[in-house]
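Asks: This is the structure I want to talk about, given as structure tokens.
Quick note: the coordinates plus some simple rules give every number you see, no bench work behind them. Note that this is a predicted model, so its numbers are computed, not measured. Glycine also receives a Cβ, built like all others from the backbone with ideal geometry; neighbour counts cover every protein chain displayed.
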Amino acid sequence: MQQETALTQSVSHAPTAEHTADHAGHADHLQVASFTYSVANSKMAMWLFLASEMFLFSVLIIAYIIARYAHPEEHALLNVPLTSINSFILLLSSFSVVWALSGIQSGNQTRLLRGLASVIVLGSIFFLLMMYEYAEMSHHGVTLSHPFGMAFYALTGFHGAHVLIGLVYGVYVFNRAFNGVYTKENHWGVEFWGLYWHFVDVVWIFIFTVVYLI
Amino acid sequence: MSDPQHLSAGADQHGESHAAKHATAGTYVAVLGALAVLTLIELVVAYIPIVREPLLIIIAIGKAWLVLQFYMHLRYENKILTWIFMIPAVAVGIVTVIMQFFV
């Protein structure tokens, strides 16, 4: 961190007239190095954030397990076939992210845009099917005031909120991609958002197993 | 951060060589296929009366491992990122398993 600050400060000072070409070249090198540190730091920050998110989800999963064994009859109301389709949709959206990323890594803007659009469409379908399942569950009397419903909605709703945030963020990334911001050399924004989206998928893998299959 | 360049991707002087270290498109397709097959196996295992729960958890860990290693590129990153994620993951897993004995 201190190194990054030092490097950034070095770069931010505008070169004076007496700077030679060697100095300019040195400044360019520092600018690249500064950006490298910046990307490295933001990547580490994202992983630290994702690690902290695990604790939040684990608390909700434990609360759900307690409620699930106390109310087995409500658990039987869960729509496993619909959620299985939703699982495949989310896995496919994760694939679309890496497909888009590998596209821009090889300079293919069209693949980037198509991949990002696919993620937004698939993520939206996932969210809408989740809302449909909620309507179905509440029709069967499993509401927020029910102990099982409270644990179920808290866990899946918290995950759904992450999907929604990922979608809004995805639209922002798509807009930037559409405006040609990302290039073969500079596509860190896509990868950064991709990390978040994949994490949402990883969490869903465990939610699907613990909530719907066990 | 001992080696920040290895954490970075994209617009750096090592951008291209770093990108080359990422998985190929073929690997991404293979991982998607593996994830789909594992999900189908999960759906079958869910109806097995015995050792169902440990099997389902193992398959879920396997699926998560595939996403982390190949889609999130942990396999190609500095190992410090793996530790940042795996230490809390293992801690959370242990606590969740312990909680099973109190349900």
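Asks: B:VAL90 is checked against (1) under 30 Å from A:SER42 (Cα atoms); (2) of a type in the set (A, V, I, L, M, F, W, C); (3) touching a helix residue (DSSP H, G or I) at 6+ places or on another chain (Cβ under 9 Å); (4) more than 9 Å from every other protein chain (Cβ to nearest Cβ) and fails just one. What number does that condition carry?
Replies: (3)
Asks: So, A:VAL163, is that one assigned to a helix (DSSP H, G or I) and in contact (Cβ under 8 Å) with a residue 24 or more places away in the chain or not? Explain how you work it out, then say what you get.
Replies: Details: assigned to a helix (DSSP H, G or I): yes; in contact (Cβ under 8 Å) with a residue 24 or more places away in the chain: yes.
Considered against the rule, which asks whether it is assigned to a helix (DSSP H, G or I) and in contact (Cβ under 8 Å) with a residue 24 or more places away in the chain, A:VAL163 comes out as yes.
Asks: Inside the stretch A:178-190, can you point out the residues that are surrounded by fewer than 23 Cβ atoms within 10 Å (Cβ to Cβ), in contact (Cβ under 8 Å) with a residue 40 or more places away in the chain and within 14 Å of chain B (Cβ to nearest Cβ)?
Replies: The answer is A:THR183, A:LYS184, A:TRP188.
Asks: So how many residues does the stretch A:68-89 have that are more than 10 Å from chain B (Cβ to nearest Cβ) and not in a loop (DSSP other than H, G, I, E, B)?
Replies: 9
Asks: Given the criteria of a type in the set (A, V, I, L, M, F, W, C), within 14 Å of another protein chain (Cβ to nearest Cβ) and farther than 18 Å from A:ILE104 by Cα, does A:PHE208 qualify?
Replies: Answer is yes for this residue.
Asks: Mind listing just one residue for me: the one in the stretch B:46-87 that is in a loop (DSSP other than H, G, I, E, B) and not aliphatic (A, V, I, L, M) and, of those, farthest from the other protein chains (Cβ to nearest Cβ)?
Replies: If we take residues in the stretch B:46-87 being in a loop (DSSP other than H, G, I, E, B) and not aliphatic (A, V, I, L, M), then B:PRO49 is farthest from the other protein chains (Cβ to nearest Cβ).
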